[in-house]
1. Do you know which residues across region 486-511 are charged (D, E, K, R) and surrounded by fewer than 20 Cβ atoms within 10 Å (Cβ to Cβ)?
2. For TYR206, all conditions in the list (1) buried (at least 22 other Cβ atoms within 10 Å of the Cβ); (2) part of a strand (DSSP E or B) hold save one; what is the number of the exception?
3. Identify, from the list TYR78, TYR53, the residue that is within 21 Å of ILE197 (Cα to Cα) and surrounded by fewer than 18 Cβ atoms within 10 Å (Cβ to Cβ).
4. Are there any pairs with C-beta distances below 7 angstrom linking a residue in region 182-201 that is farther than 15 Å from MET167 by Cβ to a residue that is acidic (Asp, Glu), with the two at least 6 apart or on different chains, and if so which?
5. Looking only at region 225-263, count how many residues are part of a loop (DSSP other than H, G, I, E, B) and without any contact (Cβ under 8 Å) to a residue 12 or more places away in the chain.
6. Tell me, yes or no, whether region 296-309 has at least one residue that is in the same structural domain as ALA6 (by TED's automatic domain parsing), closer than 25 Å to PHE740 by Cβ and in contact with a Ser or Thr (Cβ under 7 Å, 6 or more places away or on another chain).
7. Filter region 450-482 down to the residues that are among the polar types (S, T, N, Q) and not in a helix (DSSP H, G or I), then identify the one that is surrounded by the fewest Cβ atoms within 10 Å (Cβ to Cβ).
8. Looking only at region 392-402, count how many residues are closer than 22 Å to LEU663 by Cα and exposed (fewer than 14 other Cβ atoms within 10 Å of the Cβ).
Amino acid sequence: MWSKLALFVIKNRRLLIGLLAVITVFMAWEARKVEMTYDFAQVVSPDDPDMVYFQRFKKTFGEDGNVLVLGMQDSSIYRFGNFNELRTLTDTLAKVPGVSGVLSVTKLPKLAKDTATQSFRATPIFRNFPQTQRELDSLMRVVNQQEFYKGQLISPRTGATLLALTMDPKFLNSSKRQAVMNQILAHADQFTQKTGIRLHYAGLPYVRSTMTSKVASEMKLFVMLTVLMMAVTLFMFFRTWAAVVFPILVVLVVVIWCVGSMVLLGYKINLLTGLIPSILIVIGIPNCTYLLSRYHYDYRKSGNQMLAMTRVIRKIGLVTLMNNTTTAIGFFVFCFTDIAILYQFGLVATVNIFVAFIISFILIPAVFTYLPPPTPKQLEHLEAKPLTKLLEFFDHLVLERRGTVYVVAVALAAVSVLGIRQIKSVSYMVDDLPKESSVNSDLKFFEQHFNGVMPLEIVIDTGKKQGILKLKNLERIDRFEKFLRTQPVLTTPVSIVTFLKASTQAFYNDDPAYYRLPDNSEKNFILSYLSHSRGKASAPAEAAAGAPAAGGLMVDKLLRSFTDSTGQRARISLKIADIGSHNLDTLLNYKIQPQIKEIFNGTGMTVKLTGTTILFTKGNEYLIGTLKESLIIAFVLVGLVVLILFRSFRAVFFTLLPNFVTLLLTGGLMGFFGIPLKPSTALIFSIALGIDGDNSIHLLAKFRQEMVVNGQRVRAAISTTLSEAGTSMIYTSIVLFLGFSVFAFSEFGGTKALGLLMSASLLITNFSNLILLPSLLVTFEHGKDENINQTSIRHYDEQYHEEDDDLELNLSRMKKGLTA
């Protein structure tokens with residue numbers, strides 16, 4: 001079959017090259033439509049109960065993660081000139097498309113009692129903008145009396161203030177997002193230039209925008225660095241530009257197909273899928289390296305270009321396909337999850353790994369049979385002395401020092417187990433960004449002055465319609481909120497309780513001493529005033545649910561942001577510091593939940609915690625658990641491929657044991673170097689198993705061939721296998737090591753860890769597959785006393801022993817047909 005395929009490719013090479021060119025142009029046309037995304041919600045299954053509840057929450061109360069905040073701590077902001085610039089910035093930002101509302105000190109409304117209509121009305125504190133510093137100072141005293149805003153807009157401890165922008169979700173979830181963010185940042189920069197006041201940025205829209213921009217820039221950087229690294233490596237190996245240009249061309253075509261396929265599948269580029277183009281370059285180059293190194297080897301023996309290339313495809317075609325299959329398995333296992341971000345990563349990578357195999361097995365034979373044959377100088381790499389000496393050393397260890405090999409392997413595995421026990425599983429909302437990044441430094445600013453900016457939502461269900469407005473229920477919620485205020489990582493809560501407190505203060509002519517819940521005698525008056533206010537411009541709604549909106553919402557709209565339409569459920573909205581999954585779990589389960597039980601047990605009221613922060617953290621934990629399952633599936637699938645290929649359970653053992661040792665040592669390195677287990681690092685194990693399995697299959701296939709050639713003598717077969725297959729395996733390991741090391745230049749901590757650990761894994765696999773695996777074969781294969789299953793050998797290398805005369809005859813006829 002593979003001989004016929006080789007002849008078909010060579011005979012129809014012009015047609016195939018043209019067909020690939022047409023498809024590539026189409027894919028490039030589609031690839032230009034690709035979009036970026038950084039959606040936290042993708043890490044949780046849509047069927048997860050907490051996700052289902054969160055989606056219901058958003059339908060009832062609106063988005064929780066669409067607020068962008070700009071903070072500052074500079075007393076000069078309250079100078080008349082700078083304050084006027086702040087007003088200008090606020091007004092300008094409110095006009096930016098995609099911004100649905102802006103709240104700042106210059107736009108604060110306050111509730112005022114209208115005794116004539118027995119209602120509350122919203123009165124802007126800065127209705128007439130001050131003209132002097134004295135007027136400004138007087139109005140700022142009014143601002144400081146508004147207890148509702150303390151801890152929300154102005155820090156009572158440090159005096160820091162912020163602007164809160166509500167972003168339109170339609171813009172946040174589209175390609176327009178970055179343009180909106182660029183406009184906001186440009187206006188903010190102008191403010192800083194005019195006033196000298198530094199602004200800090202936070203909020204999920206800003207984090208997502210920053211992450212998306214970095215993913216896009218790093219994707220381009222990694223592709224360029226990987227191409228450069230692969231080009232240098234290929235030239236060092238083959239000493240000819242043809243062996244550099246055309247393999248690079250192959251992988252660039254694969255990258256175009258990859259991005260085009262994302263668009264056709266309806267996917268966007270995210271933190272994971274953004275890595276696939278570079279990974280495909282790294283994985284695709286070994287296909288070309290295998291083909292070219294074997295092509296040079298066979299050409300040196302035969303002196304016939306077409307015969308050599310046909311032999312190469314015939315001998316290693318099936319094995320290389322199986323190698324690509326095991327590599328694809330490392331990614332395909334992610335398709336078994338119902339997590340969108342993982343499923344997309346696995347599917348796109350799997351499909352394009354086979355695309356890389358097909359394109360390389362078409363273009364490399366087609367192009368190199370057109371080019372002049374390799375010169376003797378270009379074939380010198382086949383006998384590189386350093387490489388030969390290294391393989392001879394491996395051969396010595398395998399044949400003479402197997403006991404030492406086993407002792408070292410067991411010792412390293414035992415030490416690695418100790419390292420694995422030190423691995424911690426922890427994740428942060430901005431986990432992947434370096435500590436010195438502006439996002440992290442700005443986040444610390446808001447945590448220092450406002451306790452945090454990450455959304456946290458609490459829903460209280462009274463179980464009865466209008467149950468929220470019962471004074472006893474309000475008092476319980478108030479008691480719960482007082483506890484929440486004692487937690488240093490939480491902001492001041494905002495709810496129906498805080499709104500009613502602001503209403504009471506307004507009822508008593510804005511006296512801060514009356515910022516409290518109304519008592520039984522006051523309650524009906526306050527609620528009567530609120531009911532008469534429906535349809536009128538209302539009050540400090542900007543702070544509602546921690547999701548500020550544009551100046552004066554209607555009272556009924558405001559109440560809908562605090563309670564559902566039946567008055568049965570209420571929302572408490574807070575912001576939380578990015579304290580990490582462990583600390584968040586401690587806060588929720590060992591501090592907040594006990595208080596919930598103490599306050600609400602026996603009342604018929606239920607309390608549910610939700611929000612983007614909780615779902616993101618839960619999603620990461622779920623991802624890690626899913627990836628552990630994926631690793632088990634990967635072992636099973638790789639073993640199944642080996643079983644189908646070699647029809648031998650011992651071959652499965654020989655493949656999986658060395659690769660298990662590799663993963664064990666990699667896990668040990670994680671523990672000793674303090675690299676936490678999180679989604680980006682948990683990916684490594686399945687991917688590494690797929691890639692490392694390639695070398696095991698390659699060596700086993702060559703060993704089985706040599707067992708036949710060497711009369712079933714194991715030691716002779718091992719020596720020949722190491723000297724011939726070892727060269728291409730080391731080449732491949734070097735290519736993969738250098739390729740994955742590029743990711744170490746990433747600004748994302750997870751991506752950097754992925755690069756470092758994958759590179760380490762690829763170094764370790766040389767020990768596993770070139771020393772430990774051959775040692776196992778020498779120990780457990782019976783050699784001449786074993787009747788090797790000849791059908792299994794023919795299965796993976798069909799027609800291996802056929803005479804080349806027929807092949808040369810077919811090539812001669814084909815050549816005449818091409819020249820005719």
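1. Of the residues in region 486-511, the ones charged (D, E, K, R) are 501, 510-511.
Hits for region 486-511 are ASP510, ASP511.
2. Among (1) buried (at least 22 other Cβ atoms within 10 Å of the Cβ); (2) part of a strand (DSSP E or B), the lone unmet condition for TYR206 is (2).
3. Working: TYR53 fails: within 21 Å of ILE197 (Cα to Cα).
Going through TYR78, TYR53 in turn, the sole match is TYR78.
4. Once the first residue is farther than 15 Å from MET167 by Cβ and sits in region 182-201, its partners that are acidic (Asp, Glu) give PHE191/GLU85; LYS194/GLU85; THR195/GLU85; ILE197/ASP74; HIS200/ASP442.
5. Start the filter on region 225-263 by keeping residues that are part of a loop (DSSP other than H, G, I, E, B), which leaves 239-241.
When the remaining residues are screened for being without any contact (Cβ under 8 Å) to a residue 12 or more places away in the chain, the result is 241.
Selection size over region 225-263: 1.
6. To start, the set of residues in region 296-309 that are in the same structural domain as ALA6 (by TED's automatic domain parsing) comprises 296-309.
In the following step, the residues that additionally are closer than 25 Å to PHE740 by Cβ were identified as none.
No, region 296-309 has no match at all.
7. Taking region 450-482 first, the residues among the polar types (S, T, N, Q) are 451, 462, 466, 473.
Now drop any that are not not in a helix (DSSP H, G or I), which leaves 451, 462, 466.
Working: ASN451: 21, THR462: 24, GLN466: 11.
Once the filter is applied, the top-ranked residue is GLN466.
8. Looking only at that region, the number is 0.
The values are calculated or read from the model by the stated rules, or taken from the named source; none is laboratory data. Just so we're clear, the structure is a prediction, and the values are computed from it rather than from any experiment. Note: ideal-geometry Cβ built from the backbone for every residue, glycine included; neighbour counts use all protein chains shown.
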